[in-house]
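Trainee: Dropping the structure in here first, questions after.
The values are calculated or read from the model by the stated rules, or taken from the named source; none is laboratory data. No experiment lies behind these values; they were computed from the predicted model shown. Don't worry about glycine lacking a Cβ; one is built from the backbone with ideal geometry, like all the others, and counts go over all protein chains shown.
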């Protein structure tokens, strides 16, 4: 099976500090792949590099093409989308405008606004708040808006950075339910999480990233029961 | 001072203020989208007035040569960057956007200029000649350093100002130019005589502000510009290219500059170097609004116009001093009113 996204020997450094050191990973089409690991392991840096926000060494191929010369916007236009940890919403614009701008790559197509109704159906809460500015939303709603905006981009591969960060357990469950639902739309997902149990329970395959290197990888179900994982990330078992 | 005099001064102040409003809106627009303080804005206003004056006098305006030269430079910069990225297949499109399109107005103006033209055609030619200058300057001077700190961008702006006002001296000569008034009518409202030119200035200023509002509120391109201003990383993540929104911002700024030039030209004689002060006073207006708010900038610019006209009445040698001196109390007041210190540098990924 050919991978939709494949990174090989990926290096990212901030000045002299190597944040990501020789990471190789693959995301097959239609699957949920997760990268778990402690704070500061380089997870966010890894996603930023895959998205083209940070310069990196090594090769990244997506849909059979080498991404080296592709800028962030080129990657977005090809369906590679990132929901960053900081959400990066348009704070003083309305919820509806935030969503609409997600469809910016398709602005020249007729009816590019139609997708808005799909997103509202998936996130009824956003429909209720469509006139509010994004900065007035609660943490959970902001995450829904970030997800909704990403869906407007018609992603083929959605990269999610800590979607559960700072959210109440009930909302975390809701968010993960939504993420699982995305797979039925044919969206592949690369999920970066500190909440290792929730991530591994919803994923097909998992990688463990520690101090910039992949220390362990395998099918998510196996990792869930791997003693090295349970001891460190699942609070013993 | 009696009421009549005060009204007269106010009328004069509002008329000048209307021009400052246009320029201040442009300055805020460019700053919010690109973080560039576009110092040469006023020079473009002067270019507009001088171009129209030259066309009306039956000469070929300097902008006819200037714009194609800028277009060649801009295309060279774009081509170099495309080749560097290994995207040679995008060269034809780049040639169209940066070379052919900007040079078209100059080509059209070449055979037309030098004869007696109807006023309206002269105005259309002027706007068409000024429009490409903003985006071309952006492509040549700012795009290559788009991620530089605000201070570096400002210094480049200052350099650019000296360069293009020097170029204006070469192309337009040291004499000032003054186009004919667009309309000459006078109205009597009560005891006051109001010139149609004043009303036209006000109307254009209001229309431009309304047009900008529509653009930002209703169109997806306008929303993309706002999005870039609010969150550059977020904008890139939805596929909005900062280069494109920056170019659009400069195109709008050019349009505002051309409009200001057309309106102020017949009222004040402008020469190659007088745009700077117009830009600076509008900048003061924009600062009064905090450099982030369009209504704030518009009010600030009107205030500057009024202040200038009233000070000029008491002592004309102080009119400039007053405008710039007002900056000190305004900045002190703003720093007291603003709860948290404004970050001048956003985190750039």
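Trainee: Sort through A:228, A:197 and tell me the only one that's out of contact with any helix residue (DSSP H, G or I) (no Cβ under 7 Å at 6 or more places or on another chain) and closer than 14 Å to residue A:34 by Cβ. Explain how you work it out, then say what you get.
Mentor: Details: A:228 fails: closer than 14 Å to residue A:34 by Cβ.
Residue meeting the stated conditions: A:197.
Trainee: Being within 8 Å of chain B (Cβ to nearest Cβ) and closer than 10 Å to residue B:238 by Cα, is that true of even one residue in region A:104-111?
Mentor: Step one: filter region A:104-111 for residues within 8 Å of chain B (Cβ to nearest Cβ), giving A:104-105, A:107.
If we keep only those that are closer than 10 Å to residue B:238 by Cα too, we end up with A:104-105.
So far as region A:104-111 goes, yes, one or more of its residues are within 8 Å of chain B (Cβ to nearest Cβ) and closer than 10 Å to residue B:238 by Cα.
Trainee: Going by the structure shown, is residue A:44 part of a helix (DSSP H, G or I) and under 26 Å from residue A:199 (Cβ atoms)? Explain how you work it out, then say what you get.
Mentor: Numbers: part of a helix (DSSP H, G or I): yes; under 26 Å from residue A:199 (Cβ atoms): yes.
Against the criterion (part of a helix (DSSP H, G or I) and under 26 Å from residue A:199 (Cβ atoms)), residue A:44 qualifies.
Trainee: Quick one: which residue in B:46, B:103 is in contact with a strand residue (DSSP E or B) (Cβ under 9 Å, 6 or more places away or on another chain), surrounded by 14 or more Cβ atoms within 10 Å (Cβ to Cβ), in contact (Cβ under 8 Å) with a residue 24 or more places away in the chain and assigned to a helix (DSSP H, G or I)? Show your work before the answer.
Mentor: Details: B:103 fails: in contact with a strand residue (DSSP E or B) (Cβ under 9 Å, 6 or more places away or on another chain).
The unique qualifying residue is B:46.
Trainee: State whether one or more residues within region A:47-54 are farther than 21 Å from residue A:15 by Cβ, at pLDDT 90 or above, more than 10 Å from every other protein chain (Cβ to nearest Cβ) and surrounded by 21 or more Cβ atoms within 10 Å (Cβ to Cβ). Show your work before the answer.
Mentor: First, pick out the residues of region A:47-54 that are farther than 21 Å from residue A:15 by Cβ: none.
Within region A:47-54, not a single residue is farther than 21 Å from residue A:15 by Cβ, at pLDDT 90 or above, more than 10 Å from every other protein chain (Cβ to nearest Cβ) and surrounded by 21 or more Cβ atoms within 10 Å (Cβ to Cβ).
Trainee: To continue, here is another question. Do we have residue A:154 as surrounded by 14 or more Cβ atoms within 10 Å (Cβ to Cβ) and in contact (Cβ under 8 Å) with a residue 40 or more places away in the chain here?
Mentor: Numbers: surrounded by 14 or more Cβ atoms within 10 Å (Cβ to Cβ): yes; in contact (Cβ under 8 Å) with a residue 40 or more places away in the chain: yes.
So residue A:154 fits the description; yes.
Trainee: In addition: Is it fair to say residue B:275 is in contact (Cβ under 8 Å) with a residue 60 or more places away in the chain, touching a strand residue (DSSP E or B) at 6+ places or on another chain (Cβ under 8 Å) and at negative phi?
Mentor: Values: in contact (Cβ under 8 Å) with a residue 60 or more places away in the chain: yes; touching a strand residue (DSSP E or B) at 6+ places or on another chain (Cβ under 8 Å): no; at negative phi: yes.
Here the answer is no, as residue B:275 does not meet what is asked.
Trainee: What are the residues in region A:64-82 that are facing another protein chain (nearest Cβ under 8 Å) and either buried (at least 18 other Cβ atoms within 10 Å of the Cβ) or in a strand (DSSP E or B) (or both), if any?
Mentor: A:72, A:73, A:76, A:81, A:82
Trainee: Could you figure out which of (1) out of contact with any strand residue (DSSP E or B) (no Cβ under 8 Å at 6 or more places or on another chain); (2) free of Cβ contacts under 8 Å to residues at least 40 places away in the same chain; (3) farther than 21 Å from residue B:40 by Cβ; (4) away from chain A (no Cβ under 14 Å) isn't true of residue B:152?
Mentor: (3)
Trainee: Going by the structure shown, is residue A:59 more than 14 Å from chain B (Cβ to nearest Cβ) and modelled with pLDDT of 90 or more? Can you show your working first?
Mentor: Details: more than 14 Å from chain B (Cβ to nearest Cβ): yes; modelled with pLDDT of 90 or more: yes.
So residue A:59 fits the description; yes.
Trainee: Tell me yes or no: at least one residue of region A:168-188 is away from chain B (no Cβ under 14 Å), touching a strand residue (DSSP E or B) at 6+ places or on another chain (Cβ under 8 Å), more than 30 Å from residue A:42 (Cα to Cα) and not in a helix (DSSP H, G or I). Walk me through it before giving the result.
Mentor: Within region A:168-188, the subset away from chain B (no Cβ under 14 Å) is A:168-188.
Cutting the leftovers down to touching a strand residue (DSSP E or B) at 6+ places or on another chain (Cβ under 8 Å) gives us A:179-180, A:182-183, A:187-188.
From what is left, the residues that are more than 30 Å from residue A:42 (Cα to Cα) are none.
Checking region A:168-188: not a single residue is away from chain B (no Cβ under 14 Å), touching a strand residue (DSSP E or B) at 6+ places or on another chain (Cβ under 8 Å), more than 30 Å from residue A:42 (Cα to Cα) and not in a helix (DSSP H, G or I).
Trainee: Still on this structure, I have one more. Give B:212, B:225, B:199 a once-over and let me know the one that is in contact (Cβ under 8 Å) with a residue 12 or more places away in the chain and under 15 Å from the mean Cα position of the chain (by Cα). Show your work before the answer.
Mentor: Details: B:225 fails: under 15 Å from the mean Cα position of the chain (by Cα); B:199 fails: under 15 Å from the mean Cα position of the chain (by Cα).
On inspection, the qualifying residue turns out to be B:212.
Trainee: Can you give me the ranges of the helices (runs of 4 or more DSSP H) entirely in region B:200-294 with at least 2 residues that are closer than 25 Å to residue B:319 by Cα? Before you say what the answer is, go through the steps one by one.
Mentor: On the way: elements: B:220-230, B:232-237, B:242-264, B:275-288.
Helices (runs of 4 or more DSSP H) meeting the threshold: B:242-264, B:275-288.
Trainee: Any chance region A:22-30 includes a residue that's surrounded by fewer than 16 Cβ atoms within 10 Å (Cβ to Cβ), more than 14 Å from every other protein chain (Cβ to nearest Cβ), closer than 29 Å to residue A:222 by Cα and over 15 Å from the mean Cα position of the chain (by Cα)?
Mentor: yes
Trainee: Just give me the residues in region A:85-103 being within 7 Å of another protein chain (Cβ to nearest Cβ), buried (at least 17 other Cβ atoms within 10 Å of the Cβ) and assigned to a loop (DSSP other than H, G, I, E, B), in sequence order.
Mentor: Those that are within 7 Å of another protein chain (Cβ to nearest Cβ), buried (at least 17 other Cβ atoms within 10 Å of the Cβ) and assigned to a loop (DSSP other than H, G, I, E, B): A:88, A:89, A:90, A:93.
Let's see how each residue does on (1) surrounded by fewer than 18 Cβ atoms within 10 Å (Cβ to Cβ); (2) within 14 Å of chain A (Cβ to nearest Cβ):
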{"position": "B:168", "(1), (2)": "no, no"}
{"position": "B:183", "(1), (2)": "yes, no"}
{"position": "B:186", "(1), (2)": "yes, no"}
{"position": "B:228", "(1), (2)": "no, yes"}
{"position": "B:236", "(1), (2)": "no, yes"}
{"position": "B:250", "(1), (2)": "no, no"}
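Trainee: Looking at B:214, B:200, B:207, can you tell me which residue is closer than 30 Å to residue B:265 by Cα, modelled with pLDDT under 90 and either surrounded by fewer than 21 Cβ atoms within 10 Å (Cβ to Cβ) or touching a strand residue (DSSP E or B) at 6+ places or on another chain (Cβ under 9 Å) (or both)?
Mentor: The unique qualifying residue is B:200.
Trainee: If I ask for residues that are more than 21 Å from residue A:78 (Cβ to Cβ), in contact with a helix residue (DSSP H, G or I) (Cβ under 8 Å, 6 or more places away or on another chain) and not in a helix (DSSP H, G or I), which ones from region A:104-143 would you list?
Mentor: Within region A:104-143, A:113, A:123, A:129, A:130, A:131, A:132, A:133, A:137 qualify.
Trainee: So residue A:146 clears everything in (1) in contact (Cβ under 8 Å) with a residue 24 or more places away in the chain; (2) part of a helix (DSSP H, G or I); (3) out of contact with any strand residue (DSSP E or B) (no Cβ under 7 Å at 6 or more places or on another chain) except one condition, right? Which one?
Mentor: Looking at each condition in turn, residue A:146 falls short on (3).
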